[in-house]
Amino acid sequence: MTIGNLAPKKERKSRKNKSIVDEKAPLLPKRQDDVGAEFDEFNGASFTGAVFNLSTTIVGAGIMALPATMKVLGLGLGIVMIIFMAFLTEASIELILRFSRAGKSSSYGGLMGDAFGKYGKIMLQICVMINNIGVLIVYMIIIGDVLSGTSSSGVHHAGVLEGWFGDQWWNGRAVVLSVTTVCIFAPLACFKRIDSLKFTSALSVALAVVFLVITVGIAIIKLISGGVKMPRLIPDVTDLTSLLNLFTVVPVLVTAYICHYNVHSIDNELEDSTQIKGVVRTSLALCSSVYIMTSFFGFLLFGDATLDDVLANYDTNLGIPYSSLLNDAVRVSYAAHLMLVFPIVFYPLRLNLDGLLFPTSRPLVLDNLRFALVSIGLIAVIFLGANFIPSIWDAFQFTGATAAVCLGFIFPAAITLKDRHNIATKKDKMLAVFMIVLAVFSNLVAIYSDAYALIKRNTSPRE
């Protein structure tokens, strides 16, 4: 599936002839002259910078849970599902962009408002908030686990700082997350234009590649030495419960590709808007490659012992030289990656909350006090959530089965079926119906399966 039929009007080819609206996205902009005057010196984002920003939006913490999906689906079916979700994501973004062109909507919220009115836009804003807050909480949880350690089922997994310096008051979870929030998250959250984050995005992608290269290297060394077994290629289905359990990976796969809320912001800042289809294709190809390699070699390395967060597997002896050093390199590189991804996901979260609370106010970028208060409030909520939610799998299951599936598939499909501008083809509508049925059915089954497993675990007799 390709992003075709997106030929914009001539005035959209050069950024000099289009207004910058991302400062208020995903709202329907009202004062673009003011915003445009504020950033006249900005000549537009480059193709490379846009690819890095969109790729950073996609490759977040979801990659850590993908090896665990291989444990459920098997290596063969798991890789097929990763590729399938990439094509389905591309198709949904194509629908969003095509209908945005038709309705002259410059934001996802504006597109939902064009199709379903005020309440459609509000629903979109709420879903972006739920999804992004959940994702950012996951980032903080992983950073806390990596640096300060975590305990699971009575077993303590030491963090990097604890391993280096021993158990100290200053490397406790609360202190480490507080320092990270004040010294890293808060400064990066102060940027008012998404293109300003292109260098941190490039570095974050590089750190993800470092994590991947080390994982691949460890797996190959152990494979050559005979230290790994051939992983399962198909799922192990023995009864109805194990069959239903297959659907629990769907929310994780959906969350792994959600980037729809940033597509308009990146498109609006591109120097040449016709490049957006190339940006999306390149980003999805890059991220899919990283996902496949991480899933393949991560599951090859740990097999059925793969944990929900594969980083937790890197706190034991890997059975190779310099095991401790490599463990620390893997964990530190990915924790640093998540720190740099944080502002990319935080950017649309702040805009949507502001649009929900202050729909008639002037653009957020022009009001420094409101900008600061909204930013501080959101960071505080995320910080508290990271200290009270115990597992990244719990957060992924909730956001993936609710807000993420709406943003990625249900909303684009609903816009297509609404077809306010009469541009949808029969193929588009068939695809829209397929996305809705797949999203609703798979996530209902996933929620049921998770609830059944939780109830069964809580009611089982204790030894």
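Readers should treat all values here as calculations from the given coordinates under stated rules, not as data from a laboratory. Just so it is clear, the model here is predicted, and its values are computed rather than measured. Every residue, glycine among them, receives a Cβ derived from its backbone with ideal geometry; neighbour counts consider all protein chains shown.
For this structure, a couple of remarks:
- Viscosity 0.890 mPa s, temperature 25 °C, Stokes-Einstein D of the range 90-155 from Kirkwood C-alpha radius, µm²/s: 170
- Which listed pairs, of Lys104/Lys429; Lys71/Lys418; Lys198/Lys229, have C-alpha distances above 30 Å, in listed order: Lys71/Lys418; Lys198/Lys229
- Over the range 266-408, the reciprocal of the mean inverse Cα-Cα separation, the Kirkwood hydrodynamic radius, stands at 19.0 Å.
- Projected area averaged over orientations for the range 182-243, convex hull of C-alpha atoms, nm²: 8.9
- Where only alpha carbons of the range 47-146 are counted, the Rg and the Dmax (Å): 16.7, 46
- Size check on the range 305-378: the Cα extents along the three principal axes, sorted descending, read 60, 22, 15 Å.
- Gain upon complete extension [Phe165, Arg362; 0.36 nm per residue less C-alpha separation]: 66.0 nm
- Coordinate range along principal axes, alpha carbons of the range 170-292, Å, largest first: 52, 47, 35
- Dividing the C-alpha radius of gyration of the range 240-348 by 2.2 N^0.38 Å, with N its residue count, gives 1.36.
- Look at where the Cα atoms of the range 200-230 and of the range 249-281 average out, and the two centres are 26 Å apart.
- Overall size of the range 119-220 from C-alpha positions, given as principal axis extents largest first: 50, 33, 28 Å.
- Share of Cα-Cα pairs in the range 78-126 lying beyond 17 Å, as whole percent: 45
- Working from label points 7 Å from Cα in the Cα-to-Cβ sense, the Arg420 to Ile320 distance is 5.4 nm.
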